[in-house]
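Please treat every number below as a calculation from the coordinates, not as lab data. Only a predicted model underlies this, so the values are computations on that prediction, with no experimental measurement involved. Note that each Cβ is placed from the backbone with ideal geometry, even for glycine, and that neighbours are counted across all protein chains shown.
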């Protein structure tokens, strides 16, 4: 199996994803699919034709519904959906990052926290300890998710915003109820 990465989306998130993927140093070839970019080697719909050339894929598109839909389609086409984590981010050894997530530089994913499927964590954002971030969320630059928080799927946390729900410490975390496959 090759170690090539296909990035769906060549816009602003795509550029960030490519730089993170390059800095990780684990992919042989990295290319884009996008319907409106000269940087792309094909259209978004071309992913099925490239599965033998690219074993890994990730969706770098801001639209949550589209991002999650494409992640599902990639899996159905037998891609390994990657998780991209900048080497300049801090991720606790007890944190869990699932498939399709992108964690930018200077972000913090603290002790016992979990990012569900397709979560974007922008530069400088902090996910404090024992928090769960639902599918497709986007935590923008310098935002803070307070400790013991549950952020529901699809939530967009704004730049510099502080959010949290402070669910009780003895409550069952969502990851104990659902079994998500890990990203790369």
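Which value in Å does the Kirkwood hydrodynamic radius of the chain take, with 1/r averaged over all unlike C-alpha pairs and then inverted? Intermediate values should be presented prior to the final figure.
Values: mean 1/r = 0.0616 Å⁻¹.
Answer for the chain: a Kirkwood hydrodynamic radius of 16.2 Å.
Send over the Kirkwood Rh of the range 83-177, from the inverse of the averaged 1/r over different Cα pairs, rounded to one decimal Å. Walk me through the numbers before you get to the answer.
On the way: mean 1/r = 0.0801 Å⁻¹.
When all Cα pairs of the range 83-177 are included, the Kirkwood radius is 12.5 Å.
Based on the mean of other Cβ atoms within 10 Å per residue, sort peptides 77-90, 3-16 so the most packed one is first. Let's see the in-between values first.
Working: 77-90: 18.7, 3-16: 21.1.
Ranking the peptides 77-90, 3-16 by packing returns 3-16, 77-90.
How high is the relative contact order of the range 83-177, in percent, with contacts defined as C-alpha pairs under 8 Å that are six or more residues apart?
On the way: 291 pairs, mean separation 17.9, N = 95.
Computed value for the range 83-177: 19 percent relative contact order.
Compute the relative contact order of the range 28-77 as a whole-number percentage, counting only Cα pairs closer than 8 Å that sit 6 or more residues apart in sequence. Please report the intermediate quantities before stating the final value.
Numbers: 33 pairs, mean separation 11.5, N = 50.
Over the range 28-77, the number comes to 23 percent.
Cut-off 10 angstrom, C-alpha nodes, Gaussian network model of the chain. Which of 25, 124, 136 fluctuates the most?
Its mean-square fluctuation being the largest, the pick is 25.
If each residue of separation counts as 0.36 nm, what is the full-extension length gain between residue 29 and residue 156 once their alpha-carbon separation is subtracted? Could you put the intermediate results ahead of the total?
Details: separation 127, 0.36 × 127 = 45.72 nm, distance 3.12 nm.
Full-extension gain reported as 42.6 nm.
Figure the gain on full extension for residue 36 and residue 19 (residue separation times 0.36 nm, minus the Cα-Cα span) and round it to one decimal in nm. Could the numbers behind the result be given before it?
Details: separation 17, 0.36 × 17 = 6.12 nm, distance 1.98 nm.
Between residue 36 and residue 19, full extension yields 4.1 nm more.
Roughly how many Å is it from the Cα centre of the range 96-124 to that of the range 1-75, as a whole number?
Cα centroid of the range 96-124 versus Cα centroid of the range 1-75: 18 Å apart.
Could you put 56, 138, 129 in order, starting from the residue whose Cβ has the fewest other Cβ atoms within 10 Å?
Values: 56 25, 138 22, 129 17.
Least to most surrounded, the residues fall as 129, 138, 56.
Most exposed first by the Cβ proxy, i.e. fewest other Cβ within 10 Å, how do 61, 127 rank? Intermediate values should be presented prior to the final figure.
On the way: 61 26, 127 31.
With the sparsest Cβ surroundings first, the list reads 61, 127.
Just to be sure I understand the curve: with the Debye formula and one point per C-alpha of the range 28-70, what is log10 I(q)/I(0) at q = 0.17, 0.31 Å⁻¹?
The Debye formula, applied to the Cα set alone, gives -0.48, -1.30.
For the range 36-100, take the convex hull of the Cα atoms, compute a quarter of its surface area, and give me that in nm², please. All intermediate terms of the calculation are to be shown ahead of the outcome.
Numbers: hull surface 23.0 nm².
Over every viewing direction, the Cα hull of the range 36-100 projects on average to 5.7 nm².
Just want to confirm a number: the relative contact order over the chain, from Cα pairs under 8 angstrom separated by 6+ residues, in percent. Walk me through the numbers before you get to the answer.
Numbers: 490 pairs, mean separation 27.0, N = 184.
Averaging sequence separation for qualifying contacts and normalising by length gives 15 percent for the chain.
For every helix of n ≥ 4 consecutive DSSP H residues, a contribution of -39,500 (n - 2.57) applies; sum these over the chain, divide by its total residues, and give [θ] at 222 nm rounded to the nearest 500 deg cm²/dmol.
Working: 3 runs with 30 residues, N = 184.
Calculated from helices alone, the mean residue ellipticity at 222 nm is -5000 deg cm²/dmol.
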